[in-house]
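Everything below concerns the one structure shown next.
Throughout, read-outs are computed from the coordinates displayed, never taken from laboratory work. Just so it is clear, the model here is predicted, and its values are computed rather than measured. Positions of Cβ are backbone-derived with ideal geometry, glycine not excepted, and every protein chain shown enters the neighbour counts.
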Amino acid sequence: MNVKSRIYAEPQPSAGELLAWYDRHHRDLPWRTSPPMAAKGLRANPYHVWLSEVMLQQTTVQAVKPYFLKFLERWPTVIDLARAPTEDVMAAWAGLGYYARARNLKKCAEAVADLHGGIFPDTQEGLQSLPGIGDYTSAAIAAIAFNRQAAVMDGNVERVVSRLYAIDEPLPGAKPLIKARVADLTPAGRPGDFAQAMMDLGATICTPKRPACALCPFNGHCLALRDHDPEQFPVKAAKKAKPVRLGAAFVALDQQNRILLRKRGDKGLLGGMTEVPTTEWTARIDGDDTEASAPLSAHWQPKGVITHVFTHFELRLTVFLAQSIKVQPSGADHGWWEPLINLEAQALPTVMKKVITQAIPEAFAARR
DNA sequence: AACACGGGGGG
DNA sequence: CCCCCAGTGTT
């Protein structure tokens, strides 16, 4: 920045302006200690902050709320979570996505319970040594639960800051530059409120499309607003096309209305989750091979195709149903027969709920 | 540095 | 339909 623009630029944005806005407009969220309460010295519970932050990774506030309340009711402390069966945690997480988070959540709870006496580390370094806690989450917990002056940067903050300074370098390359700006802005007092204020601002005012700049506490300092079009920031690197994968899924019911289920391996896609048997998911499907790869010999009835979009590919599964199967004692490989009435308690990812609903429309509507 | 990893809501 | 989201771990 040259001398002239330094002289004539607007005064720098300050944390105080944002905190004043936050005091008036902050959202009331289940894991949050409101600014008035925080001012009276009530500190947020590190367990609550950690649980919410892990759930909020790449996930919207709206989606997280019910899961957060359910987890807290079922496992009130990190010790309770550490002692819970992993299958229960996976089943409770089902539907939230990114299931490595649930596996790491359990590992992290065990580490805190067994290695730290049930007390979360209170530094960013200590927190980041735990499973599932990276750059963002360690900074967020350190700032929000322990009042540390940590620079919290997520997708919202990247957008706000890239607009504030009209940063034209594309993401993710611009992250170090943005992080430095965030560190400069983060105040020693109320760093947790500042972080949450930045994220609230990004979620409600400085939105990806049609930002409400007229309502923004930073609208006197925003270079993207003054000199450009805020909607053009942040600049992002081009993304690649999604390939399609195909396969078949088999819904088998026995004579007692039980469904054949399997557990997926602990690593990789949908790791540790429950599924119905399927073929491999490949670029092309061999029609003659489909029947042969069914989990057992039966009258397989085609029930249509479901589509599910993952982060990096689109999956189309042809669904087959077989009913009134006589279960052979040593029949299913690695699977088990689960009464349909228990489906709700299984760790079924959304794609598998789609498959089962396609074959048995009333499968998940039966209760209540 | 690039890739793998879910799911849902908004425009 | 496309975009994005309170990112982390692996390679």
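Dividing the summed -39500 (n - 2.57) terms of all DSSP H runs of n ≥ 4 by the residue count of chain A sets its mean residue ellipticity at 222 nm at -11500 deg cm²/dmol. Among A:H116, A:H48, a tally of other beta-carbon atoms within 10 Å of each Cβ gives an order, fewest to most, of A:H116, A:H48. At an R0 of 51 angstrom, the distance between the Cβ atoms of A:A365 and A:A20 translates into a FRET efficiency of 0.55.
By the rule of a C-alpha distance below 12 Å, with chain neighbours fewer than 8 residues away ignored, the aspartates and glutamates paired with A:K353 are A:E275, A:E344, A:E362. Rounded to the nearest 0.05, the FRET efficiency derived from the C-beta distance between A:S129 and A:N342 at R0 = 35 Å is 0.35.
For the pair A:E73 and A:A292 in one chain, pulling the backbone fully straight at 0.36 nm per residue adds 74.3 nm over the alpha carbon distance. Just so you know, the averaged projected area of the alpha carbon convex hull for region A:183-222 sits at 3.2 nm². Name the residue farthest towards the positive end of the dipole of chain A from the options A:L51, A:F250, A:Q12, assuming +1 on Cβ of Lys and Arg, -1 on Cβ of Asp and Glu, about the Cα centre. Toward the positive end, the furthest listed residue is A:Q12.
Under the criterion of Cα pairs below 8 Å and six or more residues apart, the relative contact order for chain A equals 16 percent. Peptide packing for A:22-30, A:123-131 was compared via the average number of neighbouring C-beta atoms within 10 Å per residue; ordered from the highest value, the list is A:123-131, A:22-30.
Here the gap between A:Q328 and A:V244, fully extended at 0.36 nm per residue and compared with their Cα-Cα distance, gives a gain of 26.7 nm. Ordering of A:350-360, A:201-211 by packing is A:350-360, A:201-211, highest average first (other Cβ atoms within 10 Å, averaged per residue).
Remark: A:Y98, A:Y47, A:Y67 ranked as A:Y98, A:Y67, A:Y47, counting other beta-carbon atoms within 10 Å and listing the fewest first. Scaling against 2.2 N^0.38 Å puts the C-alpha radius of gyration of region A:244-359 at 1.01.
The three principal axes of the C-alpha atoms in chain A carry coordinate ranges of 82, 46, 36 Å, sorted with the longest axis first. Straight-line reach from A:K239: taking Cα to Cα under 24 Å and skipping same-chain neighbours fewer than 8 places apart, the lysines in range are A:K175, A:K179, A:K209. Rounded to the nearest 5, what is the percent of antiparallel bridges among the DSSP beta bridges in region A:244-359? In region A:244-359, approximately 60 percent of DSSP beta bridges are antiparallel ones.
Estimated at 0.36 nm per residue, the fully extended path between A:D28 and A:D88 surpasses their Cα-Cα distance by 18.7 nm.
Fewest neighbouring Cβ atoms within 10 Å first, the residues A:I141, A:I133, A:I285 line up as A:I285, A:I133, A:I141.
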